[in-house]
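Presented below is the structure to which this report refers.
Values quoted throughout were computed directly from the atomic coordinates according to the rules given, and no laboratory measurement underlies them. Since we're looking at a predicted model, the values are computed, not measured. Glycine also receives a Cβ, built like all others from the backbone with ideal geometry; neighbour counts cover every protein chain displayed.
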């Protein structure tokens with residue numbers, strides 16, 4: 001069989017192909033990004049797998065806890081970027097409404113949410129990094145059920161749902177209304193009220209409203225389609241547990 005001699009160009013192409021293949025295998029062997037320093041909890045059943053992810057966009061709202069602490073930002077495309085409340089001061093100092101941000105963290109199933117362990121504001125160049133929970137005793141204790149946050153006032157809000165809001169585990173826990181108020185409730189109650197928390201729904205909410213430099217948040221005590229059709233959802237309200245997720 002006659003021998004074939006390869007030109008220098010052919011040998012160079014073969015060599016470069018081998019190098020590219022080696023680099024591709026090396027890249028695929030790299031470990032995934034490290035988990036958040038504060039230890040992201042596993043997703044609840046029915047929400048799929050937690051996967052590394054990133055998000056970027058314009059900040060449209062801050063996400064608030066019922067006591068007025070920051071727990072992340074909402075992007076203009078509807079993506080929730082969550083950070084733990086102990087980073088309230090850092091997040092408030094680094095980010096402003098209208099800023100472009102980039103986040104790295106974990107995505108949970110199909111929920112449009114990322115649990116971030118880094119959040120960078122491209123205007124200020126500042127990065128908020130979660131380095132783990134603070135030492136025990138440095139955080140205020142949880143409020144007892146039914147006790148409003150200091151400074152909160154009893155109020156009624158009537159508005160239209162802009163979008164439902166989820167917690168960092170992917171659990172429904174409230175909604176953002178078109179008047180800018182974020183309403184919050186325990187996840188097991190939010191699932192019972194899920195039909196009212198859909199975009200475009202007219203709702204009335206009664207509870208304790210706290211106004212902060214970052215926005216307004218209500219801890220809901222009663223909810224319904226109108227002020228005359230409210231269902232109590234405070235500590236005295238009794239609800240059956242949410243139904244199990246449908247088989248996948």
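For this structure, a couple of remarks:
- Distance-filtered residues of region 124-165 - backbone nitrogen under 15 Å, label point 7 angstrom along residue 93 Cα→Cβ: 124-131
- Shape of region 50-129, Cα gyration tensor, a/c cut at 1.5: rounded
- Prolate/oblate/rounded call for region 153-232, Cα gyration tensor, a/c under 1.5 rounded: rounded
- Gyration tensor (alpha-carbon) shape descriptor, region 185-231, a/c threshold 1.5: prolate
- Taking packing as the residue-averaged number of other Cβ atoms within 10 angstrom, the listed peptides 142-152, 95-105 run from highest to lowest as 95-105, 142-152.
- In terms of the mean number of neighbouring beta-carbon atoms within 10 Å, the peptides 55-61, 127-133 order highest first as 55-61, 127-133.
- Using a Förster distance of 25 Å, the FRET efficiency for residue 178-residue 58 (Cβ separation, nearest 0.05): 0.90
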